[in-house]
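In what follows, a single structure is set out as structure tokens and then discussed.
The values are calculated or read from the model by the stated rules, or taken from the named source; none is laboratory data. Just so we're clear, the structure is a prediction, and the values are computed from it rather than from any experiment. For neighbour counting, all protein chains shown are included, and Cβ atoms are generated from backbone atoms with ideal geometry for every residue, glycine included.
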2 protein chains.
Amino acid sequence: MNKRITVEKKVLSENDRLAAEIRRKLSEKRILALNLVSSPGSGKTSLLEKTLKALNSELNMALIAGDVQTENDADRLKKAGGKIVRPIVTGGACHLDAKMITGVLEELDLDEVDILFIENVGNLVCPSSYDLGEDMKVVLISTTEGDDKPLKYPSMFRRSSVLVINKTDLLGLSDFDIEQVKNNARMINADLIVIELSCLKETGLETWYEWLRERTAAKKGR
Amino acid sequence: MNKRITVEKKVLSENDRLAAEIRRKLSEKRILALNLVSSPGSGKTSLLEKTLKALNSELNMALIAGDVQTENDADRLKKAGGKIVRPIVTGGACHLDAKMITGVLEELDLDEVDILFIENVGNLVCPSSYDLGEDMKVVLISTTEGDDKPLKYPSMFRRSSVLVINKTDLLGLSDFDIEQVKNNARMINADLIVIELSCLKETGLETWYEWLRERTAAKKGR
């Protein structure tokens, strides 16, 4: 498998080069770029829908929605009021890569954008290896997935800056222990910021919005 | 990326060759081999725990538990009464492959085994491309993941023979529509056998057990 590993390394170093270019370009424009990663069904699209509805009047948000085969997520985000929404259909690939993002960014007018959300493919493994030029990765977990996930998929939790625990309305209905998941996550990454919320019941969202406001302001140097 | 695609094709064709060998070996011994695939947290390990407890006295079950970094799942299955349990830690890889299975099978005494369960890495994308020599793939989805998953990850649902819908005890607590998920899954794969159950509340499990009994008997030619 040595040849495969060599090719994989080349792919990753080319990816890192493109990601650095994206990071430079977004930084020049003082855009906060967040790469949202999670298992399928943890609620990335739902969180972005709520965020669009809540913050559309105060922040300019651009969204890139990655999907394996459909444009379902991008369609949902447009319906939720997204003004700048672009789908990326990976055609079977299990993650977004920097080249895909570069292609989309070329078409976008970034001058007025405050935040760029990149919704990655639902997958807790592969997207952790591909830098997309984001400022931070935000990893979502839902309360129905099992509190051992940070230990089982450590790379993703190690490389993320924020952990959003979604579906807190379902706490108590399974054996998911929210303190345990936080302990497990902090064993992997002591600096992880943790935000607990329920998109469905709209609880805890204000903490997320406030964090977005602060990070956007910091990026703008205000 | 052409070189990458060429290497990937070689890897897959070598995988197919090894998978065919595994299939032949397991078929000679009349072992039913099931490859369990799903998102992280859909309940593959929980379903296997229940199955071990319920059927341990009537069927000889061997289990291979694939995980990215830990042996947590294998440990759970041993505790649940698994007599033949082997972990595979992929070391970061996002799926099991036939070579990993070949390595484990060499160490196992398969003479008395009726069913071999292979619990794949939690990932709805990559494991769909890697034949492990199984008779069938069983794909799990939980009722909290969103009913559009079959459309978004069609390859996995197309290549599976059985769809287990887990966590039916949480139906009605989100906007997940079980009829919709079944319709979506059957649009992708009209022949999919659907089994609805809740591991936590232990409902619907008898249908799964009965299906296992029937398939095992068919495999033995009884």
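Just need a number here: residues in segment B:70-90 that are in a loop (DSSP other than H, G, I, E, B), touching a helix residue (DSSP H, G or I) at 6+ places or on another chain (Cβ under 8 Å) and either charged (D, E, K, R) or within 14 Å of chain A (Cβ to nearest Cβ) (or both).
We begin by selecting, within segment B:70-90, every residue in a loop (DSSP other than H, G, I, E, B); these are B:70-71, B:80-83, B:90.
Adding the requirement that they be touching a helix residue (DSSP H, G or I) at 6+ places or on another chain (Cβ under 8 Å) leaves B:70, B:80-82, B:90.
Filter once more, keeping what is either charged (D, E, K, R) or within 14 Å of chain A (Cβ to nearest Cβ) (or both): B:70, B:90.
Number satisfying all stated conditions: 2.
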Inset, instruction - Please indicate, with yes or no, whether at least one residue in segment B:196-209 is assigned to a helix (DSSP H, G or I) and touching a Pro at 6+ places or on another chain (Cβ under 9 Å). - result: no
Inset, instruction - Taking A:VAL138 as meeting all but one of (1) closer than 30 Å to B:LEU171 by Cβ; (2) assigned to a helix (DSSP H, G or I), write down the number of the exception. - result: (2)
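Is it the case that segment A:91-108 has a residue that's under 19 Å from A:LEU55 (Cβ atoms) and either away from chain B (no Cβ under 14 Å) or modelled with pLDDT of 95 or more (or both)?
yes
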Inset, instruction - Could you list, in sequence order, all residues of segment B:97-112 that are buried (at least 20 other Cβ atoms within 10 Å of the Cβ) and without any contact (Cβ under 8 Å) to a residue 40 or more places away in the chain? - result: B:MET100
Legend entry - Qualifying residue in segment A:200-217 (condition: within 12 Å of another protein chain (Cβ to nearest Cβ) and either crowded, with 17+ Cβ neighbours inside 10 Å or not hydroxyl-bearing (Ser, Thr, Tyr) (or both)): yes
Legend entry - All positions within segment A:117-162 that are more than 9 Å from chain B (Cβ to nearest Cβ), farther than 30 Å from A:LYS10 by Cβ and surrounded by 24 or more Cβ atoms within 10 Å (Cβ to Cβ): A:LEU140, A:PRO150
Legend entry - Single residue of B:GLU8, B:GLU49, B:GLU14 found to be within 14 Å of chain A (Cβ to nearest Cβ) and crowded, with 16+ Cβ neighbours inside 10 Å: B:GLU49
Inset, instruction - For segment B:109-125, name all the residues that are touching a Lys or Arg at 6+ places or on another chain (Cβ under 6 Å) and either of a type in the set (Phe, Trp, Tyr) or modelled with pLDDT of 95 or more (or both). - result: B:GLU119
Inset, instruction - Give the residues of segment A:23-37 that are in a loop (DSSP other than H, G, I, E, B) and either on the phi < 0 side of the Ramachandran plot or modelled with pLDDT under 95 (or both), sorted by residue number. - result: A:LYS29, A:ILE31
Legend entry - Residue that is surrounded by the most Cβ atoms within 10 Å (Cβ to Cβ) [pool: residues in segment A:163-199 that are in contact with a Ser or Thr (Cβ under 6 Å, 6 or more places away or on another chain) and among the charged types (D, E, K, R)]: A:LYS167
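If a residue has to be small (Gly, Ala, Ser) and in contact with a strand residue (DSSP E or B) (Cβ under 8 Å, 6 or more places away or on another chain) to count, how many in segment B:178-217 make the cut? Talk me through it step by step, then tell me what you get.
At the first step, the residues of segment B:178-217 found to be small (Gly, Ala, Ser) are B:185, B:190, B:198, B:204, B:217.
From what's left, in contact with a strand residue (DSSP E or B) (Cβ under 8 Å, 6 or more places away or on another chain): B:185, B:198, B:204.
Residues meeting the conditions: 3.
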Legend entry - Hey, A:LEU63 buried (at least 23 other Cβ atoms within 10 Å of the Cβ) and not polar (S, T, N, Q) or not: yes
Legend entry - Only one of A:ARG17, A:ARG30, A:ARG24 that is charged (D, E, K, R) and in contact with a Lys or Arg (Cβ under 9 Å, 6 or more places away or on another chain): A:ARG30
Legend entry - Condition check for A:THR216: polar (S, T, N, Q) and farther than 17 Å from A:SER42 by Cβ: yes
Inset, instruction - State whether the residues of segment A:57-69 include one that is in contact (Cβ under 8 Å) with a residue 24 or more places away in the chain and part of a helix (DSSP H, G or I). - result: no
Legend entry - Members of segment B:153-184 found to be touching a residue at least 60 places away in the same chain (Cβ under 8 Å) and assigned to a helix (DSSP H, G or I), listed by number: B:MET156
Inset, instruction - Please indicate, with yes or no, whether at least one residue in segment A:20-39 is buried (at least 21 other Cβ atoms within 10 Å of the Cβ), among the small types (Gly, Ala, Ser) and within 10 Å of chain B (Cβ to nearest Cβ). - result: yes
